[in-house]
Amino acid sequence: MAPAAPPRLSPLAVTMGDPAGIGPDIILASWAQRTTRALSPFVVFGAPEVLTQRARQLGLIVPIVKITRALEAVDVFASGLPVMAIDVAESVMAGKPSPVNAGAVIAAIEAAVASVVSGQTSAVVTAPIAKSVLYQSGFEHPGHTEFLGVLAERLVPGRSARPVMMLASDDLRVVPLTIHIPLSAVPAAITRPLIFETVRTTWRSLVDDFGITSPRLAVAGLNPHAGEAGALGREDIEIIGPAIEELRAEGLAVTGPHSADTLFHAAARKTYDAVVCMYHDQALIPIKTLAFDSGVNVTLGLPFVRTSPDHGTAFDIAGSGRANPESFIASLKLAASIA
């Protein structure tokens, strides 16, 4: 009796992002390096004509192959870039975003998520979107991550989702407790339940997705010097500190609140596996300083795997050939590894 064939890994689902940004550029460049970088097969949910035009503009020879079932990408990937067509409403010029095409951007995300939920694909890798452009078309969600949480609850009945954003690189993993809110709103948004949920979700992901048996988590303080015993703000001693003590009582290796200004140098980074920060820039500034071209955005707490590059649409260089695909390639590799 012949041995059973090994199971075939489903392709990754890639969204094109804003078609006027660098999403098409980094997707095309990544496919062109598929062999040298040992990339797993992926299928693009986006506009074939935009990819064809951008490849021509960039001087890349990338055959665009329309497919009707995502699983076909496994057989197509070696010789062409497989695309599940999501047509744009009007022609696209690199660097010139249009809210008229927002519907296609949103439809691509929805279709990609549906494909992974149905088992046609193994994980979602999203190219950058421009929230300001989507807002002009009536997009009601604070950001990409929050929208994915809504889709998860819509497509996986009975499953609640509270997405947590992690930025990961070889040198650092950070998780912002609060994300797309004004800095003035951050203190009021920091609560014990939010800290509990974020730390527990991060801990589970470090075990399940990153293979760390006994994760060590550091938590940054909100105020300078973590409040200086209350002299520079009460949040660290009245909310953050007590929450950490409760988490430690559960058996989690959590330390803090730490003064953020001494938390990210090389020696400090050896003492933890991830840092939970209090707000967006407290988390993103250190990782973008250390790994601007290779950091990956990983969304934790979803019933599917999602990664994305840790940069934006970069409209100013779209179509110029200057977009660096390294963060996108890292996103593809991490998504495949977790899946």
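The values are calculated or read from the model by the stated rules, or taken from the named source; none is laboratory data. Every value quoted in this text rests on a predicted model; they were computed, and no experiment measured them. Glycine gets a Cβ as well: all are built from the backbone with ideal geometry, and neighbour counts include every protein chain shown. Note: accessible area is taken over every heavy atom of the protein model, side chains too, but ligands, DNA and RNA are not part of it. Shrake-Rupley method; radii C 1.70, N 1.55, O 1.52, S 1.80 Å.
Which ones in region 87-120 are more than 14 Å from G46 (Cβ to Cβ) and among the polar types (S, T, N, Q)?
Across region 87-120, the qualifying residues are S91, S98, S118, Q120.
Could you check, for region 92-105, whether at least one of its residues is surrounded by fewer than 21 Cβ atoms within 10 Å (Cβ to Cβ) and closer than 30 Å to H265 by Cβ?
Scanning region 92-105, I find no residue that is surrounded by fewer than 21 Cβ atoms within 10 Å (Cβ to Cβ) and closer than 30 Å to H265 by Cβ, so the answer is no.
Quick grid of which residues meet (1) within 30 Å of S337 (Cα to Cα); (2) β-branched (V, I, T); (3) buried (at least 16 other Cβ atoms within 10 Å of the Cβ):
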{"position": "L183", "(1), (2), (3)": "no, no, no"}
{"position": "P187", "(1), (2), (3)": "no, no, yes"}
{"position": "I190", "(1), (2), (3)": "no, yes, yes"}
{"position": "L206", "(1), (2), (3)": "yes, no, yes"}
{"position": "L217", "(1), (2), (3)": "yes, no, yes"}
{"position": "L247", "(1), (2), (3)": "yes, no, yes"}
{"position": "A253", "(1), (2), (3)": "yes, no, no"}
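For region 311-338, which positions are farther than 25 Å from S10 by Cβ and in a loop (DSSP other than H, G, I, E, B)?
H311, G312, T313, A314, A318, G319, S320, G321, R322, A323, N324
State all residues of region 116-127 that are open to solvent by 10 Å² or more (accessible area, probe 1.4 Å) and in contact (Cβ under 8 Å) with a residue 12 or more places away in the chain; if no residue qualifies, say none.
Correct list: V116, V117, G119, Q120, S122.
From the list S327, S320, S337, exactly one residue is of a type in the set (S, T, N, Q) and in contact with a strand residue (DSSP E or B) (Cβ under 9 Å, 6 or more places away or on another chain). Which is it?
S327
Test T198 against the stated conditions and say whether it is more than 14 Å from G256 (Cα to Cα), among the polar types (S, T, N, Q), open to solvent by less than 50 Å² (accessible area, probe 1.4 Å) and out of contact with any Asp or Glu (no Cβ under 9 Å at 6 or more places or on another chain).
Yes: the conditions hold for T198.
Matching residues to (1) buried (at least 18 other Cβ atoms within 10 Å of the Cβ); (2) over 20 Å from M165 (Cα atoms):
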site	(1), (2)
G227	yes, yes
E238	no, yes
D261	no, yes
H265	no, yes
V275	yes, no
M278	yes, no
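Return yes when L167 is hydrophobic (A, V, I, L, M, F, W, C), surrounded by fewer than 22 Cβ atoms within 10 Å (Cβ to Cβ) and within 30 Å of F328 (Cα to Cα) and no when it is not. Please lay out each step first, then the result.
On the way: hydrophobic (A, V, I, L, M, F, W, C): yes; surrounded by fewer than 22 Cβ atoms within 10 Å (Cβ to Cβ): no; within 30 Å of F328 (Cα to Cα): yes.
Judged against the criteria, L167 is not a match.
Out of curiosity, is I285 part of a helix (DSSP H, G or I), more than 13 Å from the chain's Cα centre (by Cα), without any contact (Cβ under 8 Å) to a residue 24 or more places away in the chain and closer than 23 Å to I181 by Cβ?
The answer is yes for I285.
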